[in-house]
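Peer 1: Pasting a structure here, questions to come.
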Amino acid sequence: MYSTVLLLHSWLRWLAVVAGLGATVAAIGKGSQALQRAERWGLIFMIALDVQVLLGLLLYGTLSPFTAQAMGDFGAAMRSPILRFWAVEHLTLMLSAAVLVHVGRVLARKTANPDQKRKRLLICFALALLVMLAGIPWPGMATGRPWVRF
């Protein structure tokens, strides 16, 4: 089960990254069509991140040997950069990205001005994308994972 959930979590990150880029770029444009594209891409971004968070919490709470090891001795885990990344940093950054996307969509809905909607979406989507990119275990990092997992 661990391998299957990890595989899904790993592959879905690419959908989340592409959707985040799409939502951010679409929110840069002007006019009502740009706003519609930003909202559409933003919905895909939000769904992808929500599924990522659900799979990640399943890994974090029950399946991952890294978090099991970290929870066994949390003090020692905080002194280990790899365990600290998985136990605290990755989780915090990814939850923050998901919250930013949700907040952006709610803030955009609460204004009638299309330019303000687009601006709010742009700020929140761009921040969420940056936070998400900072929390991904890129190859070459101490906590790095492969680009594509099979």
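Peer 1: Checking Arg13 against (1) basic (Lys, Arg); (2) more than 18 Å from Thr143 (Cα to Cα); (3) part of a helix (DSSP H, G or I), which test does it fail?
Peer 2: (2)
Peer 1: If you don't mind, another one. Name the single residue that is surrounded by the fewest Cβ atoms within 10 Å (Cβ to Cβ) among those in the stretch 97-114 being within 12 Å of Phe45 (Cα to Cα) and hydrophobic (A, V, I, L, M, F, W, C).
Peer 2: Val99
Peer 1: A further question follows. Please go through the stretch 115-149 and pick out each residue that is surrounded by fewer than 20 Cβ atoms within 10 Å (Cβ to Cβ), out of contact with any Pro (no Cβ under 9 Å at 6 or more places or on another chain), of a type outside the set (S, T, N, Q) and over 20 Å from Pro81 (Cβ atoms).
Peer 2: Residues satisfying the conditions are Asp115, Lys119, Ile123, Ala126, Leu127, Leu130, Val148, Arg149.
Peer 1: Next question. Kindly evaluate Leu93 against the criterion of being closer than 27 Å to Leu122 by Cα, among the hydrophobic types (A, V, I, L, M, F, W, C) and either loosely packed, with under 13 Cβ neighbours inside 10 Å or at pLDDT 95 or above (or both).
Peer 2: Taking the combined requirement at face value, the residue satisfies it.
Peer 1: Sticking with this structure for a sec: I need the full set of residues from the stretch 98-115 which are in contact with a Leu (Cβ under 9 Å, 6 or more places away or on another chain), over 13 Å from Gly56 (Cα atoms) and at pLDDT 95 or above, in order please.
Peer 2: Leu100, Val101, His102, Gly104, Arg105, Leu107, Ala108
The values are calculated or read from the model by the stated rules, or taken from the named source; none is laboratory data. Since we're looking at a predicted model, the values are computed, not measured. Ideal geometry is used to build each Cβ from the backbone, glycine not excepted, and the neighbour counts take in all protein chains shown.
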